[in-house]
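Notes follow the structure.
Every number here is computed from the coordinates shown, using simple stated rules; none is lab data. Quantities reported herein were computed from a predicted structural model and do not represent experimental measurements. Reconstructed Cβ throughout: ideal geometry from the backbone, glycine too, with neighbour counts over all protein chains shown.
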Amino acid sequence: FFFCVIRYFAGVPMSSFRHWFVLLGIFVVKSNQCGLFCSGFSTTQRRRRRNNSSAGRGGGVDEIEALSRALQIIYRESGTLGILQKSDGILEQYQAPSLVKAALHASKGKKGVASGILNAFLGAAVCSPEDGGHHAIKLINAYDKLGEEYYLEPDLVALSLAYVATHRQEGYSKIAGTYLQRAEGLYPVDGQKTQESSIVEATPEVWSDLKQKYGIQLLQDHEDFVVLSKPSGMVCYHARAASTKKSSNQDQTRSKKRKKLSNDISLETCLLDRGFPLSTLNSEGRGMVHRIDRGTSGCIVLAKTNSMHAKLLAQFFLKHRIQKSYQALIALSSKQRQKILPKEGIVSLDIDGRPAQSRYHREQCFAHGRVSRVLVQTEQGRRHQVRLHCSEGLSAPILLDPLYGGMSIMSQLNAPSQDLCKKLKAKKKFCLHANSLSIPDYGIDVQAPLPDWWQELEQSLEYD
């Protein structure tokens, strides 16, 4: 219709208009293609500008997503320790906001995972002697700002690592003090504070009394910490609420609990009753940098000051800065004895969904191979790691262990061994001993001898 109108008014042959129509069509098509290309180019440019501006604030979207995926893979395979081991140079490669965002995204809303990854980054700052303090400050600032969206804030481990990274670096002592104060404010314990300037020295008579009455043996005494050998059957501390605000019902409940536990004295109580200064950073137990189970005997370090508590806690988190070993009497089933337990080996078995690995070495056999003493070294230090790895990893539970099948072999032992095991069971003892602890950075290198009852049990087993 358009061409008919033109021809009618202009009187021009149709063939001439066909040439113009072709040119017009080509122009329209090319214009549309150009428009699409220009639109795509401008979109790409806008995306690049957005990523570049985001990088100035802490990393582009693509960068954070890639880092988040990498963190998920590493954490799934080897946990927090794996992140720490592979964090070399990461603080120089990425800005602190990028690291925090990636950790939060990688956690998929799991606060424990996010805290573990972020603490690994802070651990990398501790391992960076030159500018670790600077990196720690940046990380904590980003942690404080970005963690609000996830209701996540730096925990005791994070603040301890930040304190260590800044405390040792010149010019950061003031900010280090603020991190320690924040750590002290996390779990106030009955309004009590440990005064670092007034350290009470325990006399040899006091240590002798503790050993005679409770079996607590002194291994090393320092003005900022003490290393002890805890007896089997004694709990490290009795759990209590950290808040100082208690209702009358809570007071009554705790009063009844105190009466019930009056004969069940803890290691913490033994020391506090004798005026020992212990740090207050642990919400459950004064001075407790780490713990060992009630039935476990052997090495344990307690901090006297909050500053040393934070330093030792950082050491335990870094793992490679400390060395711990355990001795255990394990009970082998008939099937396990037929397979012959290798003299040494590695047990890799996840605990609570987190990677865990232990190395063992068989030291001696008793009772015709039914019981073996093994030396175990753990890499991660998960809860009940040695007990689970012996029971499930080696199919050989620790003798007398009430939770993981340690009573199953008792009927196969000789009469003297059975009688002794019954007495030990009544006292809540089992055959796991933390025999050594080494923290070179603070001059700790101790060994705890096996308890007398343990040696007596081994002697009775030899006569089987």
Could you calculate the FRET efficiency of Asp62 with Leu349 from 1/(1 + (r/R0)^6), where r is the beta carbon distance between them and R0 is 41 Å, rounded to 0.05? 0.65
Relative to the present Cα-Cα distance, how much length would full extension add between Tyr187 and Gln85 at 0.36 nm per residue of separation? 33.7 nm
Report the dimensions of region 275-374 along its three principal axes from the alpha-carbon atoms, largest first, rounded to Å. 52, 31, 22
Taking 45 Å as R0, compute the FRET efficiency from the Cβ-Cβ separation of Ile73 and Met410 and round it to 0.05. 0.50
Relative to the present Cα-Cα distance, how much length would full extension add between Glu148 and Gln459 at 0.36 nm per residue of separation? 106.0 nm
If amide H atoms are built 1.01 Å from N in the plane of the peptide, which residues on other chains or at least 5 residues away come under 5 Å of the amide H of Gln217? Ser229
Taking 0.36 nm per residue of separation between Arg383 and Ser173 and subtracting their Cα-Cα distance, the length gained on full extension comes to 72.2 nm
For Ile340 and Lys423, what is the calculated FRET efficiency with R₀ set at 30 Å and r taken between the beta-carbons, to the nearest 0.05? 0.40
Listed highest first by mean packing, meaning other Cβ atoms within 10 Å per residue, what order do 73-82, 286-295 come in? 286-295, 73-82
Mind scanning Lys111/Lys428; Lys211/Lys425; Lys230/Lys427 and naming the pairs with a C-alpha gap bigger than 24 Å? Lys111/Lys428
Which order do peptides 173-180, 440-447 fall in by mean Cβ count within 10 Å, highest first? 173-180, 440-447
